[in-house]
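What follows is a set of notes on a single structure, which appears directly below.
The values are calculated or read from the model by the stated rules, or taken from the named source; none is laboratory data. Small disclaimer: the values here were computed from a predicted structure and weren't measured. Here the Cβ positions follow ideal geometry from the backbone for every residue, glycine too, while neighbour counts run over all protein chains shown.
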Amino acid sequence: MTLFRLFLGGCLIVITGYKGVTIGNHGADLMPVFFGDMAAMAWPGQFNLDFFTFLLLSGLWVAWRHRFSAAGLGLAVLATLGGMMFPSAYLLVISFRTGGAIRAILLGAERSRQG
């Protein structure tokens, strides 16, 4: 669990730093570039589409983990829009809240107790 937490912390630091430099150099208006690359039907767009489906899966998992509660749906939006910044921070926090129990991390506390 320690290596996993170090990985998550490293991802969070690197992505946050990179995002800060990118916003500083190019502004925060990502959406036209992101979806514009997809509309162009070239390799950058294919990568963006592939990545976007991972983001949607991340959001769906977070919503499901929280049983589609209002908080879970709010977190799902953050997961979908936040890129790796969200799951790295989210998984880091819940790894401590669950005491590192991978079943509880993946399923949520209630489902992990159901067997």
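Using beta carbons and a limit of 7 Å, which pairs, at least six apart or on different chains, have the first residue in the stretch 45-67 and in contact (Cβ under 8 Å) with a residue 12 or more places away in the chain and the second one surrounded by 14 or more Cβ atoms within 10 Å (Cβ to Cβ) and polar (S, T, N, Q)?
Sorted first by the residue in the stretch 45-67, then by its partner, the pairs are 55/80; 56/80; 58/80; 59/80.
If you check residue 63 against the conditions, is it at pLDDT 95 or above, under 30 Å from residue 107 (Cα atoms), small (Gly, Ala, Ser) and touching a Leu at 6+ places or on another chain (Cβ under 7 Å)?
Numbers: at pLDDT 95 or above: yes; under 30 Å from residue 107 (Cα atoms): yes; small (Gly, Ala, Ser): yes; touching a Leu at 6+ places or on another chain (Cβ under 7 Å): yes.
Spelling it out, residue 63 is indeed at pLDDT 95 or above, under 30 Å from residue 107 (Cα atoms), small (Gly, Ala, Ser) and touching a Leu at 6+ places or on another chain (Cβ under 7 Å).
What number goes with the only condition from (1) in contact (Cβ under 8 Å) with a residue 24 or more places away in the chain; (2) touching a His at 6+ places or on another chain (Cβ under 9 Å); (3) exposed (fewer than 15 other Cβ atoms within 10 Å of the Cβ) that residue 16 does not pass?
Exception for residue 16: condition (2).
Taking the condition at pLDDT below 95, over 11 Å from the mean Cα position of the chain (by Cα) and among the acidic types (Asp, Glu), does residue 29 pass? I'd like the intermediate steps shown before the answer.
Details: at pLDDT below 95: yes; over 11 Å from the mean Cα position of the chain (by Cα): yes; among the acidic types (Asp, Glu): yes.
Against the criterion (at pLDDT below 95, over 11 Å from the mean Cα position of the chain (by Cα) and among the acidic types (Asp, Glu)), residue 29 qualifies.
Among 65, 5, which is the only one that is surrounded by 17 or more Cβ atoms within 10 Å (Cβ to Cβ), among the basic types (Lys, Arg) and within 16 Å of the chain's Cα centre (by Cα)? Full working, then the answer.
On the way: 5 fails: surrounded by 17 or more Cβ atoms within 10 Å (Cβ to Cβ).
Being surrounded by 17 or more Cβ atoms within 10 Å (Cβ to Cβ), among the basic types (Lys, Arg) and within 16 Å of the chain's Cα centre (by Cα) holds for just one of 65, 5, which is 65.
When residues of the stretch 20-36 are filtered for being surrounded by 12 or more Cβ atoms within 10 Å (Cβ to Cβ) and either aromatic (Phe, Trp, Tyr) or under 16 Å from residue 80 (Cα atoms) (or both), how many remain?
Initially, the stretch 20-36 is screened for residues surrounded by 12 or more Cβ atoms within 10 Å (Cβ to Cβ), giving 22-23, 30, 33-36.
Then keep just the ones that are either aromatic (Phe, Trp, Tyr) or under 16 Å from residue 80 (Cα atoms) (or both); that gives 30, 34-35.
The qualifying residues number 3.
Exactly one condition in (1) exposed (fewer than 14 other Cβ atoms within 10 Å of the Cβ); (2) within 25 Å of residue 1 (Cβ to Cβ) is false for residue 41; which is it?
The failed condition is (2).
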